[in-house]
1. So for 5, 32, what's the accessible-area order with a 1.4 Å probe, most first?
2. Mind putting together the pair-distance distribution for the chain? All Cα pairs, 5 Å bins, whole percent per bin, short to long.
3. Spelling out what I want: for every residue of the stretch 25-35, take phi, set θ = phi - 60°, compute 6.51 cos²θ - 1.76 cosθ + 1.60 (Karplus), and round to whole Hz; glycine and proline get x.
4. What net charge is computed for the residues neighbouring residue 59, neighbours being all others with C-beta under 10 Å from the C-beta of residue 59, Lys and Arg scored +1, Asp and Glu -1?
5. Helix 9-18: angle to the longest alpha-carbon principal axis of the chain, degrees 0 to 90, nearest 10?
6. Amide H of residue 48 versus every other amide H placed in the peptide plane: which residues, excluding those fewer than 5 positions away on the same chain, fall under 5 Å?
7. Between beta-carbons, use under 11 Å as the cut-off and find the net charge around residue 42, counting Lys and Arg +1, Asp and Glu -1.
8. For the chain, give the percent of accessible area contributed by carbon and sulfur heavy atoms, probe 1.4 Å, rounded to a whole number.
Amino acid sequence: IPWLRLLDGPLRAQAVAALEVGDAEPGERLCRIGRPATFWFGVVDGLLKMNNDDSLGQAVTFTGIPPGGWFGEGTLIKR
């Protein structure tokens, strides 16, 4: 996590204590529209594809998120 080293003392300890690391399998959905935002997601290894289905059920890819990238912080801040 590139920005973690920039935090000092108590802030860094708080961030480290709140971290959760998990594995996602290819094709697994991590978050879905309509579900409450509870996490800020970061990519440790691999490539995360951010996409949505259009009204006809066709997948529309918005972006690929490489290791070191993250998403979801805006949704958590906006609530």
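The values are calculated or read from the model by the stated rules, or taken from the named source; none is laboratory data. Every value quoted in this text rests on a predicted model; they were computed, and no experiment measured them. A quick note on method: Cβ atoms are made from the backbone with ideal geometry, for glycine too, and the neighbour counts reach across all protein chains shown. When the accessible area is computed, the model is the full protein with side chains, heavy atoms only, and any ligands, DNA or RNA have been set aside. Shrake-Rupley method; radii C 1.70, N 1.55, O 1.52, S 1.80 Å.
1. Reading off the accessible areas and sorting them downward yields 5, 32.
2. It works out to 3, 11, 20, 24, 20, 12, 6, 3, 1, 0, 0, in whole percents.
3. Residue by residue, the stretch 25-35 yields 8, x, x, 6, 9, 8, 8, 9, 4, x, 8 Hz.
4. Surrounding charge for residue 59 is -1.
5. Approximately 40 degrees, to the nearest ten.
6. HN-HN under 5 Å from residue 48: 65.
7. -3
8. In the chain, the share of accessible area belonging to carbon and sulfur is 56 percent.
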